[in-house]
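Okay, structure first, notes after.
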Amino acid sequence: MNLSGTFTKLSPQSLLSQLSKSSDSTCLRAFSNSVSWSIYLEQGKITYATHSVEPFDRLERHLRRLSHQIPLLNSQIRVQLRLMFEVDSPSQFIEQHSNLAAEPPEYQAITWLVEQGHLHSTQAAVLIQELVKEVIESWLLIKVGNFELSNLSENVPKISRLDVEKIIERSQARLQRWQAFAPHISSPYQRPYLFINKYIQNPTFLDLQPNLTNWMKGFSLRHLAVMMNQDEIQLVQNLYHYIVNGGIILHEADPPFDKLPKTCGEVSTSPQYITESAKQELVDTVVEPSSTDAEASLDIPLDDIAPIEELPYTSSPSQDNFQELTIPNNTNSAPERVTTATAIAKKVYKIISVDDSPTILKEISRFLEDENFSVVTIDDPLKAVMSIIRHKPDLILLDLNMAGIDGYELCRIIRNNSMFKNTPIIFVTANKGLVDKVKANLVGASGYLTKPFSRAELLKLVFMHLA
């Protein structure tokens, strides 16, 4: 089955529901506002779903949640995944996804985790379920766009198969909870900033954990929830009163997250018609699912996964009963009240940036201009080692191509000092080749930032290594 067309009003729920009645192996793609969605279905069940806005950021967030219960998913493994599988741009993402014989890069990464023994298949199925739900939430909000349906290769390994209607139901319920915060909150990627001068002397100020106030300076609500190991709806509920009353100011989502649909849009709760040509084609191919299906992959109804010790399912803090993958906070101490003293005592992270280009150094300083970061810039790489030893930074940004000494050699020298054995070192370079990434990994680099880069891309790496 191959079909494409243009929607004047996209009804993603109806289209996905129709496909759930088909026995074909299908990839459904939609394109809207420069974002590409891909949903993979086999005999009416979803095997995976992704979109082109920072897919490895999405995987990183969910792996980071799981790492609290699965020690093997440590920062080193997560960095290795990105170096091995992450593509460099959304255009490369779309180009790679156009090859139906290939799995999406993040799916390849999850398969690798299973093959290497970092995840067992049931844990991977839980991970995929959570990734799919997040993608479908944004999918249900699309209003206008193009679509295409294509046959899938039979050779792609399947880790799980998820029930379409249950995915839609749970995603709609989640979106309705987000929409309860409208119009003050319109996206989980909006960035809260604490307006200390107005509320710091208020004795009724919210019992926020100090490390939350430390990071409320540029990270999105969704990223903050992961950094705090909290359910994101619960986090927003805790902050909502102060957002409404001006104690917390919300900035709009950073690119490219601003391309995703706003949650304040209305979510359909009843099927609607799609374009006539698509509807006719889909109806012609509908068959009843076989009751004797003997797939080797896990056929997992949403939320029917048997409890496993490493990944407990706990009730999401809400009025409804659907289950969310949450990792309980194991700290037993009561949350500390934010006061003037705790606000002043916030941790300041020291970052050293080594580059022989004053322009790049100035740009990095501007991107990280924040009271939580102290940025030291070094434009002479030959003096970098002594400066790094003197300042003892929390993170190092290191240019690869510098006069006098290259970044690989400098990284090797820094790593040979036991003081910096675990200090994150991020290479900043215009090189995009796989060989360069492999060499970076061999000399002990923690990450790879490709020029030109945006503030969001820089903060993403900071989020990975300092939070």
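The values are calculated or read from the model by the stated rules, or taken from the named source; none is laboratory data. Keep in mind it's a predicted model, so treat the numbers as computed, not measured. Neighbour counts are summed over all protein chains in view; Cβ atoms, including those assigned to glycine, are modelled from backbone coordinates with ideal geometry.
From ILE378, ILE388, which residue is over 20 Å from GLN76 (Cβ atoms), at pLDDT 90 or above, in contact with a Phe, Trp or Tyr (Cβ under 8 Å, 6 or more places away or on another chain) and of a type outside the set (Lys, Arg)? Before the answer, list the steps.
Details: ILE378 fails: in contact with a Phe, Trp or Tyr (Cβ under 8 Å, 6 or more places away or on another chain).
Answer to the check: ILE388.
How do the helices (runs of 4 or more DSSP H) wholly within region 87-153 filter down when requiring 1 or more residues that are under 30 Å from ASN431 (Cα atoms) and either at pLDDT below 85 or of a type in the set (S, T, N, Q) (or both): which remain?
Values: elements: 90-97, 105-115, 121-139.
Once the helices (runs of 4 or more DSSP H) in region 87-153 are filtered for at least 1 residues that are under 30 Å from ASN431 (Cα atoms) and either at pLDDT below 85 or of a type in the set (S, T, N, Q) (or both), what remains is 90-97, 105-115.
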Worksheet item: Hey, does region 191-212 have a residue that's over 30 Å from LEU119 (Cβ atoms), at pLDDT below 70 and among the basic types (Lys, Arg)?
Response: yes
Discussion item. Just the residues that are touching a helix residue (DSSP H, G or I) at 6+ places or on another chain (Cβ under 7 Å) and among the hydroxyl-bearing types (Ser, Thr, Tyr), please, taken from region 430-467.
Written reply: SER446, TYR448
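For a quick check of your reading: which strands (runs of 3 or more DSSP E) sit entirely within region 1-75 and have at least 2 residues that are at pLDDT 90 or above and in contact with a Cys (Cβ under 7 Å, 6 or more places away or on another chain)?
Values: elements: 3-7, 25-32, 35-42, 45-51.
Those strands (runs of 3 or more DSSP E) span 35-42.
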Practice prompt. Restrict the check to region 408-419 and report whether at least one residue is in contact with a Lys or Arg (Cβ under 9 Å, 6 or more places away or on another chain), on the phi < 0 side of the Ramachandran plot, of a type outside the set (A, V, I, L, M, F, W, C) and surrounded by 17 or more Cβ atoms within 10 Å (Cβ to Cβ).
Written response: yes
Discussion item. Against the condition under 28 Å from PHE257 (Cα atoms) and loosely packed, with under 14 Cβ neighbours inside 10 Å, how does LEU458 come out, does it pass?
Written reply: no
Worksheet entry | Leading residue by the ranking (farthest from ARG191 (Cα to Cα)) among those in region 411-450 that are at pLDDT 85 or above and among the basic types (Lys, Arg) | ARG412
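Please enumerate the residues belonging to region 43-73 that are within 23 Å of ALA456 (Cα to Cα) and aliphatic (A, V, I, L, M). Walk me through how you get there before you give the answer.
Applying the first criterion (within 23 Å of ALA456 (Cα to Cα)) to region 43-73 yields 50-65.
Passing the criteria: VAL53, LEU59, LEU63.
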